[in-house]
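The values are calculated or read from the model by the stated rules, or taken from the named source; none is laboratory data. Everything numeric here is computed off the predicted structure, so don't read it as measured data. Here the Cβ positions follow ideal geometry from the backbone for every residue, glycine too, while neighbour counts run over all protein chains shown. With ligands, DNA and RNA removed, areas are computed over all heavy atoms of the protein, side chains included. Shrake-Rupley method; radii C 1.70, N 1.55, O 1.52, S 1.80 Å.
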Amino acid sequence: MESLLREWDGETVIVRYDRPTGAWIFIAIHSTRLGPAAGGTRMKSYPDVQAALQDAFRLAAGMTYKFATPGIPWGGGKAVIAIPPHFDPQFRPALLRRYGALIHQLGGLFSTGPDVGTSSADMDIIAETGDPYVFARTPAAGGAGSSGPFTALGVFTSIQVACEHLFGEASLKGRRVLVQGTGSVGGTLIEHLLAAGAEVVFSEVDEDAIRRFRDELGLKFVPAEAVYTTECDIFAPCALGGVLNADTIPQLKCRGVAGGANNQLAGPEDAERLRARGILYAPDYVVNVGGAMAILGLETQGWTQERAEKEVTESVRRGLRQLFELAAAEGITTEAAARDIAEERLSAGT
Ligand code: PHE
């Protein structure tokens, strides 16, 4: 734990042990260089407390780069609520209210939105005590609702740009895309892909979701053990992080990777592993900025729905094209190119 804290390159971490539930709350503030920190609240069980803190650290850094690349004036932060295994949902609202009160106490250092394990309905509960630092509440509570569909729109655009780079045309007609995870991002992404004429195959662990996409939509289901060896044009990880690693990369049978999950690379060397295999990697935080970007625009800049969709599509397209070119011109990984662009903005402070 001590070395984890010492080696992190972020600014501040707020730690709360929630005695009534046994949950740990970590709010990691990675950088406030470009503005106050914003980031989602991830709520799940972890194998141990260290893993939860580490996840908060990495996710918060991801938010810093996510905002910096397109020049959004917010800093990077993330909250992790590590709940005990078999957590009884009846204690959830009270936990969320105590968490909201903590956010309120921070006085704007950190604002939050949904992430894995939390929804707009949860944001409503957090906002009871955390107002005004809570984004993406339900429309009934005056919020812009789920960020997932906007994230999905950015992922869809990224897949088009990746195809344009790989095959010389952005059309997805007949392209085979493997979507891993059919939650709020992956599920909407699949709709876009089908409308664009792509062939979609999917992998999922939730039985109800498998039934919906396989039996109702008639899509081909790929079992977990076959995900990394399934042939496709684009692999779109839309579940959890760490899926691109020393074990999986050698198995991949795709031409490119573009998905909505945060922290897809297990470590920095995995970007080079992908490049060495000739697989085009669209960096996760460039691809998945859409949710946060749209929600912040809708709720703080008065954007309309149309404006939000246009901003997400155009900025993801512009950003990815720029970094694919930079990576090719300099012979560096796309991840390094994205990092260079973000670091430049961070050091300029705008
Ligand atoms: N889950 C979002 C992300 O990782 C977090 C977010 C949503 C932040 C909405 C702000 C507003 O980008």
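Worth pointing out:
- Hits in segment 126-135 - residues which are more than 12 Å from the ligand (Cβ to nearest atom) and open to solvent by less than 40 Å² (accessible area, probe 1.4 Å): 126, 127, 130
- Screening segment 136-158 for residues that are outside any helix (DSSP H, G or I) and surrounded by fewer than 24 Cβ atoms within 10 Å (Cβ to Cβ) and picking the one that is farthest from the ligand (Cβ to nearest atom) gives 142.
- Taking segment 13-35 as the range and being open to solvent by 40 Å² or more (accessible area, probe 1.4 Å), touching a residue at least 60 places away in the same chain (Cβ under 8 Å) and assigned to a strand (DSSP E or B) as the test, only 16 passes.
- Set 75, 62: member being of a type in the set (Gly, Ala, Ser) and in contact with a helix residue (DSSP H, G or I) (Cβ under 6 Å, 6 or more places away or on another chain): 62
- Output for segment 37-55, where each listed residue is part of a strand (DSSP E or B) and buried (at least 18 other Cβ atoms within 10 Å of the Cβ): 37, 38, 39, 40, 41, 42, 43
- All positions within segment 94-120 that are of a type outside the set (Ser, Thr, Tyr), assigned to a helix (DSSP H, G or I) and within 14 Å of the ligand (Cβ to nearest atom): 103
- Residue 163 satisfies every condition listed in (1) in contact (Cβ under 8 Å) with a residue 40 or more places away in the chain; (2) open to solvent by 30 Å² or more (accessible area, probe 1.4 Å) except (2).
Residues are listed down the side, and each one gets a yes or a no for (1) among the basic types (Lys, Arg); (2) touching a strand residue (DSSP E or B) at 6+ places or on another chain (Cβ under 9 Å); (3) touching a residue at least 40 places away in the same chain (Cβ under 8 Å); (4) loosely packed, with under 15 Cβ neighbours inside 10 Å:
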{"position": "208", "(1), (2), (3), (4)": "no, no, no, yes"}
{"position": "225", "(1), (2), (3), (4)": "no, no, no, yes"}
{"position": "229", "(1), (2), (3), (4)": "no, yes, no, yes"}
{"position": "237", "(1), (2), (3), (4)": "no, yes, yes, no"}
{"position": "252", "(1), (2), (3), (4)": "no, yes, no, no"}
{"position": "267", "(1), (2), (3), (4)": "no, no, no, yes"}
{"position": "274", "(1), (2), (3), (4)": "no, yes, yes, no"}
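- Considering segment 177-206, the residues that are open to solvent by 50 Å² or more (accessible area, probe 1.4 Å) and either of a type in the set (Gly, Ala, Ser) or part of a strand (DSSP E or B) (or both) include one that is farthest from residue 152 (Cα to Cα), namely 199.
- Among the residues of segment 254-265, those that are in a loop (DSSP other than H, G, I, E, B) and either of a type in the set (Lys, Arg) or open to solvent by less than 20 Å² (accessible area, probe 1.4 Å) (or both) comprise 254, 255, 258, 259, 260, 261, 264.
- Restricted to segment 247-279, and to residues there that are closer than 26 Å to residue 57 by Cα and in contact with a Lys or Arg (Cβ under 7 Å, 6 or more places away or on another chain), the residue that is nearest to the ligand (Cβ to nearest atom) is 263.
- In segment 326-350, residue most open to solvent (accessible area, probe 1.4 Å) [restricted to those that are over 19 Å from residue 277 (Cβ atoms) and of a type in the set (Ser, Thr, Tyr)]: 350
- Only listed residue being under 15 Å from the mean Cα position of the chain (by Cα) and either without any contact (Cβ under 8 Å) to a residue 12 or more places away in the chain or within 14 Å of the ligand (Cβ to nearest atom) (or both), chosen from 328, 294: 294
- Complete set of residues in segment 180-206 that are touching a residue at least 60 places away in the same chain (Cβ under 8 Å) and among the aliphatic types (A, V, I, L, M): 185, 189
- Here residue 170 clears all of (1) open to solvent by 30 Å² or more (accessible area, probe 1.4 Å); (2) touching a helix residue (DSSP H, G or I) at 6+ places or on another chain (Cβ under 6 Å); (3) away from the ligand (no atom under 16 Å from the Cβ); (4) not in a loop (DSSP other than H, G, I, E, B) except the condition numbered (4).
- Residue check: residue 87 meets all listed conditions (1) part of a helix (DSSP H, G or I); (2) more than 16 Å from the ligand (Cβ to nearest atom) but one, namely (1).
- Qualifying positions in segment 255-303 - within 15 Å of residue 147 (Cα to Cα) and basic (Lys, Arg): none
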